[in-house]
Amino acid sequence: THARWAGDVRLMALTSLNLGALAIHRGEFAAALSHLRRALVDFRRMDAPEHMASALANLALVYTRLARWDDALGAFAEAVAIAERGDNRESLATILLNEAEMWIARGRLGPAHDACERAREACDRTTHRALAGEVCRVRGIIARDGGRAEEADAHFAEAERIATEREDLVLLAETAREQAELYRAQGRNRDTFTALN
């Protein structure tokens, strides 16, 4: 409201972007769409590509949660193109990992693998170790869901190692949850409960 009173379009757009991200975390998807669309319009008007990519990536997440697959794909594609043009490898890797998880949610492991490998290539050209851990976690999910338990176990172990090294508790918890799914599918009840704990 204050940004609007001041006529500060950039601050209005950034605030809308943040409000959209908060709404996603709260599960308020209609509000998220409203805030993110408003932010995207303003970022386009200002020609702010990095912020446009963020708004599009967040829109793609909302569309994924709502199972609006075509809208999600369109938003991911535009966000990826912007990140590639700007050579923003960290942003590119993050967007591609989110796209891979969308394909996983749809049960489409081929496109999920392709997006994840592109994310790994982008990540390999950065020094962002946390992203490397995320890549390993997603690769593990793809291998697990594809019936390749040994490969999945190796990817999850690497994600766990990176998370421990970086003291990244969120990545550690998310990896443990995925490991539990792997162990449950293998009938390894004790390891399942250990991972869940």
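The values are calculated or read from the model by the stated rules, or taken from the named source; none is laboratory data. Keep in mind that what you see is a predicted model, and the values were worked out from it rather than measured. Counting neighbours? That spans all protein chains shown, and the Cβs are built from the backbone with ideal geometry, glycine included. Surface areas here come from the heavy atoms of the whole protein model, side chains and all, with no ligands, DNA or RNA. Shrake-Rupley method; radii C 1.70, N 1.55, O 1.52, S 1.80 Å.
Worth a mention:
- In region 71-159, Cα pairs under 8 Å separated by at least six residues give a relative contact order of 23 percent.
- Each part reduced to its alpha carbon centroid, region 114-149 and region 1-29 end up 31 Å apart.
- Using a Förster distance of 41 Å, the FRET efficiency for Thr1-Val170 (Cβ separation, nearest 0.05): 0.80
- Tensor-based shape of region 1-113 (alpha-carbon gyration tensor, a/c under 1.5 rounded, otherwise prolate or oblate): oblate
- When the solvent-accessible area of the chain is split by element, carbon and sulfur atoms take up 49 percent of it, the probe being 1.4 Å.
- Each Lys or Arg adds one and each Asp or Glu subtracts one; over the other residues with Cβ under 12 Å from the Cβ of Ala79, this totals -3.
- Residue with peak Gaussian network fluctuation, the chain [Cα springs, cutoff 10 Å], from Val62, Val170, Val80: Val170
- Read-out Cα Rg over 2.2 N^0.38 Å, derived from the coordinates shown; its label in (1) 1.24; (2) 1.11; (3) 1.76: (2)
- FRET E, pair Arg45, Thr126, Förster distance 45 Å, beta-carbon r, rounded to 0.05: 0.90
- Stokes-Einstein diffusion coefficient of region 136-197, Kirkwood radius over Cα pairs, 4 °C, 1.567 mPa s, in µm²/s: 116 µm²/s
- Among Thr127, Thr94, Thr175, residue whose mean-square fluctuation peaks in a GNM of the chain (springs only between Cα atoms under 10 Å): Thr127
- Anisotropy class of region 80-197 from Cα gyration tensor, a/c 1.5 cut: oblate
- Ranked by the mean number of other Cβ atoms within 10 Å of their residues, highest first, the peptides 132-141, 33-42, 1-10 fall in the order 132-141, 33-42, 1-10.
- For the chain, the longest principal axis of the alpha carbon atoms and the long axis of helix 89-105 meet at an angle near 60°.
- Cα gyration tensor, region 1-57 - rounded (a/c under 1.5), prolate or oblate: oblate
- Annotation: per residue accessible area for the chain equals 54 Å², rounded to a whole number [probe 1.4 Å, protein chains only].
- Taking the chain as a Gaussian network of alpha-carbon nodes connected by springs under 10 Å, the highest mean-square fluctuation of the residues Ala130, Ala30, Ala72 belongs to Ala30.
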